[in-house]
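Some notes on the structure that comes next.
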Amino acid sequence: MGACAPRARSGVTSAGISRAVRFLPEARQDLIETRQWYDLRQAGFGTVFARAFADAIERMQAQPLSYPAVVGSIRRVILQRFPYAIYFRVETDEIVVLAVHSRQDPGRWRERIPPTNAP
């Protein structure tokens, strides 16, 4: 991933249905801020984080329903090597990324859950 902000991607599920990935603006901002934070700690480490993020997105796209639902229909994929998770919702024609959050503040993303998915 060369840029800080993710691009929409399309993936194919096991059923052969192609789904684009759409990021809420808040999720996009989460990613940008986290990448910047890692770059401030160690030069180039933000890029390492971005690669781990891209790998998680690819895994999520390949089999979105294989990840556990954590609240209603909201699912979570955990990044490798980093204490972060991507929270997402699978819709008919797309996957919506709601948040990118650390284990240190796991509840902050919950305010982004639409009322139909609230516990």
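Okay, here's what the table says:
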{"item": "Selection count where residues are surrounded by 14 or more Cβ atoms within 10 Å (Cβ to Cβ) and either in contact with a strand residue (DSSP E or B) (Cβ under 7 Å, 6 or more places away or on another chain) or β-branched (Val, Ile, Thr) (or both), scope segment 80-103", "result": "16"}
{"item": "Count of segment 55-82 residues which are assigned to a strand (DSSP E or B) and not hydrophobic (A, V, I, L, M, F, W, C)", "result": "2"}
{"item": "Every pair of residues 6+ apart whose Cβ atoms lie under 9 Å, when the first sits in segment 55-69 and is within 16 Å of Leu31 (Cα to Cα) while the second is of a type in the set (A, V, I, L, M, F, W, C) and assigned to a helix (DSSP H, G or I)", "result": "none"}
{"item": "Residue ID - surrounded by the fewest Cβ atoms within 10 Å (Cβ to Cβ), chosen from residues in segment 35-75 that are hydroxyl-bearing (Ser, Thr, Tyr) and farther than 11 Å from Ile86 by Cβ", "result": "Ser66"}
{"item": "Which listed residue is basic (Lys, Arg), modelled with pLDDT under 95 and closer than 17 Å to Val21 by Cβ, from Arg112, Arg103, Arg51, Arg108", "result": "Arg112"}
{"item": "First in segment 83-103 and under 13 Å from Ala69 (Cα atoms) and assigned to a loop (DSSP other than H, G, I, E, B), second anywhere and modelled with pLDDT of 95 or more and not β-branched (Val, Ile, Thr), Cβ under 9 Å, 6 or more apart", "result": "none"}
{"item": "Any hit, segment 38-51, residues being part of a helix (DSSP H, G or I) and either under 15 Å from Leu98 (Cβ atoms) or touching a strand residue (DSSP E or B) at 6+ places or on another chain (Cβ under 7 Å) (or both)", "result": "no"}
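The values are calculated or read from the model by the stated rules, or taken from the named source; none is laboratory data. Remember, predicted model here, so these are calculated numbers, not experimental data. Positions of Cβ are generated from backbone atoms using ideal geometry, with glycine treated the same way; all protein chains shown enter the neighbour counts.
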